[in-house]
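A short worksheet on the structure shown next.
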Amino acid sequence: MVCLACLLPLFLVPIVNLLPLLFDSIMARVYRLFGWEYRKPERAPPACPIKPSASKTGTSNSVS
């Protein structure tokens, strides 16, 4: 048996991901009501919060 509270995040994630699109559509309708033009703001693409470490292949401390 699976607890329903444990499944709740699985249903909330798609809704949270759709919030910016929902906001844009609502704002476009409000602007259209007043006769204004609504332009969607530019959003930054998602970025990885973990930065890769420095590459160690380019060092000149090799012994020959």
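To keep it simple, each residue is scored yes or no on (1) under 13 Å from the mean Cα position of the chain (by Cα); (2) modelled with pLDDT of 80 or more.
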position: Cys3; (1), (2): no, yes
position: Pro20; (1), (2): yes, yes
position: Ile50; (1), (2): no, no
position: Ser53; (1), (2): no, no
position: Asn61; (1), (2): no, no
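Condition check for Leu21 on (1) assigned to a loop (DSSP other than H, G, I, E, B); (2) open to solvent by 80 Å² or more (accessible area, probe 1.4 Å): one failure, at (1).
The values are calculated or read from the model by the stated rules, or taken from the named source; none is laboratory data. Small disclaimer: the values here were computed from a predicted structure and weren't measured. Please note that ligands, DNA and RNA were not included when accessible areas were found on the heavy atoms of the full protein model with its side chains. Shrake-Rupley method; radii C 1.70, N 1.55, O 1.52, S 1.80 Å.
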